[in-house]
Structure formats: structure tokens, C-alpha cells
Amino acid sequence: MSKSQLAASYASLLLQDGGVAVTSDKIADVLAAAGVTGVESYWGALMCKVFNEKNVYSLLVEGGVGAGGGGGGGAAGGAGGAAEEVEEEKKEEEPEEEADVGGLFDSSGGDNAW
């Protein structure tokens, strides 16, 4: 995401939150008041289109279009899938064993092979 797009998005969110109609002129005014320069003028028009077509609050809560999930595995097993997930989580929580590197990182001097 470019800085221009981010600036126009924040300006649009600010206007929406304040209950002001989101227009390209208002976005330009917010950006000018904030001292943001170098924003391409088409960003205001794009943000107006998005904010006027979509309910921004629902977009923030529900996410964007096409944010479908990965999908579940097979249909067999009933509660077996939940038990497998718990077992996998337990396996991940086990601490890793430290490898013996021969005192290479030992602050007490360890091996004096140098």
C-alpha cells in the first residue's frame, strides 16, 4: 500500500467517523490540514467511490470480499477432529531441547580450542 493510498484512506475514515460526507474535496481538505503532500488526486475519487458504495463499518468488522477460509478437511470423525487439534497444540507447546554446541556460546570460556 502506497503512502498516498494510506493517507487518503485515513482521511476518508476520519471523515466517515466524524459523520461528514466523504467527497474528494473533503479528503483533499483533510490532507492539506494535516500537512500531507504528494497525494495523487485520483485517490480521493477512489475513496469516495468505496465509502459511498460500501458500509465501512461492516467492512472493518467482516473483512473484505473474497476473504474465504481455508476449508475443513474430511467429513469423517465427528468430534475426532477437535481431539486431534488439542493433541497438536500440546505437541507445539513442548519446549525444545538445547543442542550442545561445545561451549561456543558459553560465557565462561568453555572449550579452549581457539
- In whole Hz, with x marking every Gly and Pro, tabulate ³J(HN,Hα) for the range 31-43 from phi via Karplus 6.51 cos²θ - 1.76 cosθ + 1.60, θ = phi - 60°. 5, 5, 5, 7, x, 8, 10, x, 8, 5, 5, 5, 5
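Below 15 angstrom from the Cβ of Gln5, what's the summed charge of the other residues (Lys, Arg +1; Asp, Glu -1)?
Every neighbour counted, the sum reads +1.
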- Query: So who's got an amide H within less than 5 Å of the one on Val36, skipping anything under 5 residues away but keeping other chains? H placed 1.01 Å off N, in plane.
  - Reply: none
- Query: What is the spread of the Cα atoms of the range 5-53 along each of their three principal axes, largest first, in whole Å?
  - Reply: 26, 20, 16
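Each reported figure results from applying straightforward, stated rules to the coordinates on display, with no laboratory input. In this text the structure is predicted, and so the values were computed from the model without any measurement. Cβ sites come from the backbone with ideal geometry, for glycine too, and all protein chains shown count toward neighbours.
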